[in-house]
Amino acid sequence: MLSISADSIPYGVVIVAYIDFSRAFDSVSHDKLFLRLYEYGIRGQLLGWLKNFFSHRTHQTRVGVALSSVACLLSGVVQGSGIGPVMFIVFIDQLAKLLEKHHITAKLFADDLKVYLKIENVDDAARLQFALDLITEWSNTWQLSVSVAKCSLLNVGYASVTVDYYLAGSMLPTAEYCRDLGVTMTCNLSMSQHIAEITAKAHQRANIIVYYVHLHLVMKICYFAHLLCMCVPLLNAIV
């Protein structure tokens with residue numbers, strides 16, 4: 001989540017860049033992952049065990065009773081495993097450190113990355129663009145491509161400097177609100193949008209429950225009415 005508040009930005013604007021990596025967990029290069037582990041001091045028998053774990057894995061797709069041919073997996077951490085998310089964090093940790101080295105705040109959660117900076121003048125805008133260029137360069141070097149179409153900017157506060165920002169050669173759009181770890185963040189940090197969305201979903205689910213409860217009662221009434229109609233001739237005969 002963002003660690004900023006409306007009171008912390010009385011002047012200027014905090015621009016948050018939401019970065020989405022394309023198929024992040026499936027795109028981690030094994031060779032580059034092993035290199036990263038080696039740089040972190042993981043060597044010898046432990047590194048050999050991790051290489052055996054990730055290397056020579058295969059994949060097949062089933063459609064009905066048909067199976068595709070076996071394909072070797074040359075990239076990706078093993079999703080569903082305990083060590084997979086840890087390996088991804090190790091792989092991407094360098095990017096966060098590079099950004100922080102240039103005094104750009106970066107937040108990581110799994111494959112979600114956001115960077116933000118308070119913009120008061122053109123120099124601050126240039127620093128943010130530098131950070132975006134750094135992300136592009138890093139993603140190209142480490143073969144973890146950015147899905148630019150899913151990336152966006154959120155302006156928190158009032159912008160005194162209007163600048164277009166680019167990621168991988170494409171201009172990033174500015175959104176009115178963004179989903180941040182399940183919470184809808186707006187440009188004024190109001191929770192109204194999030195509350196409205198949650199309330200709408202709750203009403204929708206409540207209406208579905210009411211509908212099926214009502215349907216169940218109607219079916220029961222029809223069933224007992226049918227039984228009663230079948231019993232009436234028998235009761236008349238007894239009487």
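The values are calculated or read from the model by the stated rules, or taken from the named source; none is laboratory data. Predicted model only: the values in this text are computed from it and were never measured. So basically every Cβ, Gly included, is an ideal-geometry build from the backbone, and we count neighbours across all protein chains shown. Note: areas computed on protein heavy atoms with side chains; ligands, DNA, RNA excluded. Shrake-Rupley method; radii C 1.70, N 1.55, O 1.52, S 1.80 Å.
Cross-link check: pairs LYS107/LYS150; LYS114/LYS150; LYS97/LYS150 evaluated at a Cα-Cα cut-off of 20 Å; pairs beyond the cut-off: LYS97/LYS150.
Candidates SER68, ILE104, ILE135 compared by Cα position along the dipole of the chain: farthest toward the positive end lies SER68, with charges placed on Cβ.
List the GluC sites (Glu not before Pro) in the range 100-205 that DSSP assigns to loop (not H, G, I, E or B) and whose Cβ has at most 15 other Cβ atoms within 10 Å. Which are they? Could you put the intermediate results ahead of the total?
Numbers: sites: GLU100, GLU120, GLU137, GLU176, GLU197; in loops: GLU120, GLU176.
Sites meeting the loop and neighbour criteria: GLU120, GLU176.
Normalised by 2.2 N^0.38 Å, where N is the number of residues, the C-alpha radius of gyration of the range 97-136 stands at 1.14.
Under a point-charge model restricted to the Cβ atoms of Lys and Arg (+1) and Asp and Glu (-1), what is the dipole moment magnitude of the chain relative to its Cα centre, in debye to the nearest 20?
Numbers: 18 positive and 18 negative charges, 202 e Å.
That gives a dipole near 960 debye.
By a 1.4 Å probe calculation restricted to protein chains, VAL14 has an accessible surface near 10 Å², given to the nearest 10.
Overall shape of the range 77-214 was characterised from the C-alpha gyration tensor. The equivalent ellipsoid obtained from it has semi-axes of 33, 24, 12 Å, in decreasing order. The three principal axes of the C-alpha atoms in the chain carry coordinate ranges of 97, 54, 29 Å, sorted with the longest axis first.
Would you kindly calculate the translational diffusion coefficient of the range 70-113, applying Stokes-Einstein with the Kirkwood radius from alpha carbon pairs, for 25 °C and a viscosity of 0.890 mPa s, and quote it in µm² s⁻¹ without decimals?
Value of D from the Cα-based Kirkwood radius: 205 µm²/s.
Just the number, please: Stokes-Einstein D of the range 45-138 in µm²/s, Kirkwood Rh from C-alpha pairs, 25 °C, 0.890 mPa s. It comes out at roughly 149 µm²/s.
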